[in-house]
Amino acid sequence: MISKNQALQWLKWGAWVVVVAAIVYFLNKNDGSQEPTTVSTEQSQPLAATEQNTSHTPVPGYNYETVMMPQGLSDNVVKYKGFTVHFNKNRHIPNCVVYEITATEAKGRREREGDFERDSKVAGCPNWWDYRDSGYDRGHMAPAGDMKWDEQAMNETFYLTNICPQDNELNAGMWNDIELKVREWARRDKSLIVITGPIVDKNPETIGQDMDIVVPEAFFKVVLSPKTTPMKAIAFICPNRACGGSLKRYAVSVDEVERRTGMNFFNALPDDVEEKLESTCNINQWLSR
């Protein structure tokens with residue numbers, strides 16, 4: 001048992017300890033010597049309005065490959081080695097595909113090879129024979145030519161989840177010209193984000209023996225160059241038929257693709273950066289060396 005006097009003495013010492021600790025705390029708090037806070041770029045939130053990236057340079061932590069779909073649109077996200085597919089099981093074609101292509105990848109020299117096949121893991125994916133005698137090519141959305149850096153990445157572009165019915169003259173003509181330009185720009189600009197997909201009208205034609213595969217009325221390609229200063233973006237829309245003329249004829253703003261598809265691209269960017277990038281259509285900025 002402790003005496004009453006001993007208890008009072010311990011209380012007095014305890015009180016002094018609390019007072020001294022409080023003084024030390026406030027002195028340290030106000031001397032400006034706090035340790036810096038480290039924020040993981042993988043978990044970082046969009047910058048506050050006063051911190052927005054007005055210089056149009058890459059923002060750590062932003063996922064440029066995020067695509068927001070319109071409400072009610074069937075969308076199954078399927079990740080392959082070289083690209084991501086947003087697949088629509090009701091239309092049996094992708095809503096879009098998205099990937100980054102680097103300068104090194106754009107220099108890949110692997111020979112084009114692969115067999116069109118159904119991805120059995122994806123609901124609504126058609127079979128190769130659903131395109132047979134349809135009058136349309138099996139048109140790649142993520143081109144095999146962009147995946148020449150890896151055998152698996154190239155082979156996976158032949159899954160029917162990555163394919164749309166495409167007019168042969170478009171596929172072998174203007175669409176191929178745009179794909180070649182994208183690889184050229186990737187080698188020049190170090191890295192590009194590419195988003196490609198169909199534009200579907202209200203009453204589309206369909207093909208297929210086992211399922212009704214929607215035939216797009218047009219195709220889009222959105223290209224972002226995130227590592228150039230300033231950052232830049234361009235888009236193209238080609239009707240699903242032979243397309244004559246020059247590349248410039250089919251250049252549009254990213255806003256125009258969003259208007260036609262209902263999708264939202266690059267929405268993680270600060271609003272001022274996104275607005276300027278998506279409203280601009282300056283093809284000469286891309287064609288100049």
Residue count, region 275-289 (criterion: farther than 14 Å from Ile195 by Cβ, without any contact (Cβ under 8 Å) to a residue 60 or more places away in the chain and not in a loop (DSSP other than H, G, I, E, B)): 6
Restricting region 198-224 to residues that are among the β-branched types (Val, Ile, Thr) and within 15 Å of the chain's Cα centre (by Cα), the residue that is surrounded by the most Cβ atoms within 10 Å (Cβ to Cβ): Val222
- prompt: Glu169 fails exactly one of the following numbered conditions: (1) in contact (Cβ under 8 Å) with a residue 40 or more places away in the chain; (2) more than 17 Å from Glu100 (Cα to Cα); (3) in a loop (DSSP other than H, G, I, E, B). What is the number of that condition?
  reply: (3)
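Please state which one of Lys248, Lys232, Lys227 is closer than 25 Å to Gly108 by Cα, in contact with a helix residue (DSSP H, G or I) (Cβ under 8 Å, 6 or more places away or on another chain), open to solvent by 30 Å² or more (accessible area, probe 1.4 Å) and not acidic (Asp, Glu). First the steps, then the outcome.
Details: Lys248 fails: closer than 25 Å to Gly108 by Cα; Lys232 fails: open to solvent by 30 Å² or more (accessible area, probe 1.4 Å).
It is Lys227.
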message: Looking only at residues that are part of a loop (DSSP other than H, G, I, E, B) and among the hydroxyl-bearing types (Ser, Thr, Tyr) in region 115-146, which one is surrounded by the most Cβ atoms within 10 Å (Cβ to Cβ)?
response: Tyr136
message: Please count how many residues of region 147-173 are farther than 13 Å from Lys81 by Cα and open to solvent by 10 Å² or more (accessible area, probe 1.4 Å).
response: 6
field: Scope region 110-152; condition free of Cβ contacts under 8 Å to residues at least 40 places away in the same chain, in contact with a Ser or Thr (Cβ under 6 Å, 6 or more places away or on another chain) and under 21 Å from Met174 (Cβ atoms); matching residues
entry: His140, Ala144
- line: Over region 68-107, the set of residues buried (at least 22 other Cβ atoms within 10 Å of the Cβ) and aliphatic (A, V, I, L, M) is Val85, Ile93, Val97, Val98, Ile101, Ala106
task: For region 251-269, state whether one or more residues are assigned to a helix (DSSP H, G or I), open to solvent by 10 Å² or more (accessible area, probe 1.4 Å) and touching a Lys or Arg at 6+ places or on another chain (Cβ under 9 Å).
output: no
- prompt: When you look at Gly139, is it touching a Cys at 6+ places or on another chain (Cβ under 7 Å), of a type outside the set (Asp, Glu) and closer than 21 Å to Asp177 by Cβ, yes or no?
  reply: yes
field: Where Glu274 falls short, out of the listed (1) more than 30 Å from Glu205 (Cα to Cα); (2) open to solvent by 60 Å² or more (accessible area, probe 1.4 Å)
entry: (2)
query: Does region 175-197 contain at least one residue that is open to solvent by 10 Å² or more (accessible area, probe 1.4 Å), touching a Leu at 6+ places or on another chain (Cβ under 8 Å) and either modelled with pLDDT under 95 or in a helix (DSSP H, G or I) (or both)?
result: yes
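The values are calculated or read from the model by the stated rules, or taken from the named source; none is laboratory data. What you see is a predicted model; the values in this text were computed from it and never measured. Virtual Cβ from ideal backbone geometry, glycine too; neighbours counted across all protein chains shown. Each accessible area value is taken on the protein alone, full model and side chains, heavy atoms only, with ligands, DNA and RNA left out. Shrake-Rupley method; radii C 1.70, N 1.55, O 1.52, S 1.80 Å.
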